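Here the structure is laid out as structure tokens; the discussion comes afterwards.
The values are calculated or read from the model by the stated rules, or taken from the named source; none is laboratory data. What you are looking at is a predicted structure, and each value in this text was computed from that prediction instead of being measured. Cβ placement follows ideal geometry from the backbone for every residue including glycine, while neighbour counts extend to all protein chains displayed.
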Amino acid sequence: MNTDTGQQHPLGVYYKIWTLLFVLSLFSYMVDYLDVQGALRWTLVLVFMALKAGFIMAIFMHVKWERMALVLTILAPPTLLLVLISIMALESNYSHGTRVEHLGHEPDRAPLHVEH
Amino acid sequence: MAQSSNTTSQRGMSSFVHDWSADKQTYQVPWGKAMMWVFLVSDTFIFSCFLVGYMTVRMTTADPWPLATEVFALSFFGSDPIPLVLIAIMTFVLITSSGTMALAVNFGYQRNKRKTVAFMVLTALLGMTFVGMQVFEWSKLIGYGVRPWSNPWGAPQFGAVFYMITGFHGLHVSAGVIYLLIIARRIRRGHYDQKGYEIVEITGLYWHFVDLVWVFIFAFFYLL
């Protein structure tokens, strides 16, 4: 489908993905609205996020129909971010520990409620 | 790769110029589109640095993190506050604008000038709506006393992260609105009648990217 005339696809694909993005956003919002907590909250939010991001990139940004040279240029460099996230998570864990053990910071306090 | 003795004998800047201007092409797309992707990949790293920075301050602080669901709740006509409702509406506005942008790209390739311009302007209007709602959200939080260094509810880093990330994203949306309007005007004036309508797809890539970034901000900052 990738021709010299550019990325031309039937409109139906866009309408389907558009609807899907609405539904997935609604699902994410319902996670908060229904006050789902804990591991289930993280799982649901991250799954809906990944699906939305995937559909926007694959269909709306046409990555699905691009040639491999361009696809890898787009997708390969950001995988390095996983290394950054891992290193910073390890470091943050350590910092939090020192603040609690040596600086006397008190963990596990609840935030104050918001007065509207 | 065929190299004549003539090209290998070149040295210094003339060899540099030769290599970059040689008849080679990696990306089988218009150069503008390849360059937009290069820009978007670099922008990905900027937003990722902000989000990783957010993760770091949130994990290191022993202070409790304010509850986004309460902070961004809104009541209508004296009702009980509805959790996170403004952010949900902003998300829907941005997704709607992504859809109208996808339609604009499609009409562009159909060479339907009138509809392409109309849908690009509609996308820009939705973008302005989004930024307007963000301004409202900022003014509400400033009213609550949220500052980049303190807030009434918990970890002081909350304000810094909020203003930094949503501010930078809002700046991207604002720039996108201006970009869309400039390109729409040029299309209407027939600037691309000869060159072709790839420009609509390139503009669309930027716009969808702004929506893409919001997907991550919505999940990590507002929901988790």
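Structure values in brief
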{"item": "Contacts under 6 angstrom Cβ, first residue in segment A:16-27 being at the interface with chain B (Cβ under 10 Å from one of its Cβ atoms) and surrounded by 15 or more Cβ atoms within 10 Å (Cβ to Cβ), partner assigned to a helix (DSSP H, G or I) and among the hydroxyl-bearing types (Ser, Thr, Tyr), 6 or more apart", "result": "A:25/B:91"}
{"item": "Scan of segment B:141-165 for residues that are in contact (Cβ under 8 Å) with a residue 12 or more places away in the chain and farther than 18 Å from residue B:87 by Cα, ordered by number", "result": "B:147, B:148, B:151, B:153, B:154, B:155, B:156, B:157, B:160"}
{"item": "Which listed residue is touching a Leu at 6+ places or on another chain (Cβ under 9 Å) and at negative phi, from A:114, A:83, A:100", "result": "A:114"}
{"item": "Pair list, Cβ < 6 Å and 6+ apart or interchain, from segment B:1-27 residues that are of a type in the set (S, T, N, Q) to residues that are part of a helix (DSSP H, G or I) and at pLDDT 75 or above", "result": "B:7/B:18; B:10/B:18; B:26/A:69"}
{"item": "Contacts under 9 angstrom Cβ, first residue in segment B:66-82 being surrounded by fewer than 17 Cβ atoms within 10 Å (Cβ to Cβ), partner small (Gly, Ala, Ser) and at pLDDT 90 or above, 6 or more apart", "result": "B:80/B:73; B:81/B:73; B:82/B:73; B:82/B:88"}
{"item": "Residue among B:142, B:199, B:178, B:182 that alone is under 30 Å from residue A:51 (Cα atoms) and either touching a strand residue (DSSP E or B) at 6+ places or on another chain (Cβ under 6 Å) or loosely packed, with under 15 Cβ neighbours inside 10 Å (or both)", "result": "B:178"}
{"item": "Top-ranked residue in segment B:1-59 [being among the aliphatic types (A, V, I, L, M) and exposed (fewer than 10 other Cβ atoms within 10 Å of the Cβ); ranked as modelled with the highest pLDDT]", "result": "B:13"}
{"item": "Meets criteria (closer than 28 Å to residue B:84 by Cα and in contact with a His (Cβ under 8 Å, 6 or more places away or on another chain)) for residue A:60", "result": "yes"}
{"item": "Test: residue B:58 is basic (Lys, Arg) and either more than 30 Å from residue A:88 (Cβ to Cβ) or touching a Lys or Arg at 6+ places or on another chain (Cβ under 7 Å) (or both)", "result": "no"}
{"item": "Among the candidates B:130, B:72, B:136, B:92, residue that is within 12 Å of chain A (Cβ to nearest Cβ) and at pLDDT 95 or above", "result": "B:92"}
{"item": "Number of the condition not met by residue B:171 [criteria: (1) at pLDDT below 95; (2) of a type outside the set (Gly, Ala, Ser); (3) closer than 26 Å to residue B:42 by Cα]", "result": "(1)"}
{"item": "Residue match in segment B:108-119 (condition: within 12 Å of chain A (Cβ to nearest Cβ), surrounded by 22 or more Cβ atoms within 10 Å (Cβ to Cβ) and of a type outside the set (Lys, Arg))", "result": "yes"}
{"item": "Selection status of residue A:103, farther than 27 Å from residue B:91 by Cα and either over 15 Å from the mean Cα position of the chain (by Cα) or at the interface with chain B (Cβ under 9 Å from one of its Cβ atoms) (or both)", "result": "yes"}
{"item": "Helices (runs of 4 or more DSSP H) enclosed by segment A:1-85 - at least 3 residues per element that are under 24 Å from residue B:57 (Cα atoms)", "result": "A:38-55"}
{"item": "Residue that is surrounded by the most Cβ atoms within 10 Å (Cβ to Cβ) [pool: residues in segment A:51-81 that are at the interface with chain B (Cβ under 9 Å from one of its Cβ atoms) and of a type in the set (Gly, Ala, Ser)]", "result": "A:53"}
{"item": "Odd one out for residue A:110, checked against (1) of a type outside the set (Lys, Arg); (2) more than 7 Å from every other protein chain (Cβ to nearest Cβ); (3) exposed (fewer than 12 other Cβ atoms within 10 Å of the Cβ)", "result": "(2)"}
{"item": "Residue selected from segment B:191-217 under the condition facing chain A (nearest Cβ under 7 Å) and in contact (Cβ under 8 Å) with a residue 60 or more places away in the chain, by the criterion nearest to residue A:44 (Cα to Cα)", "result": "B:216"}
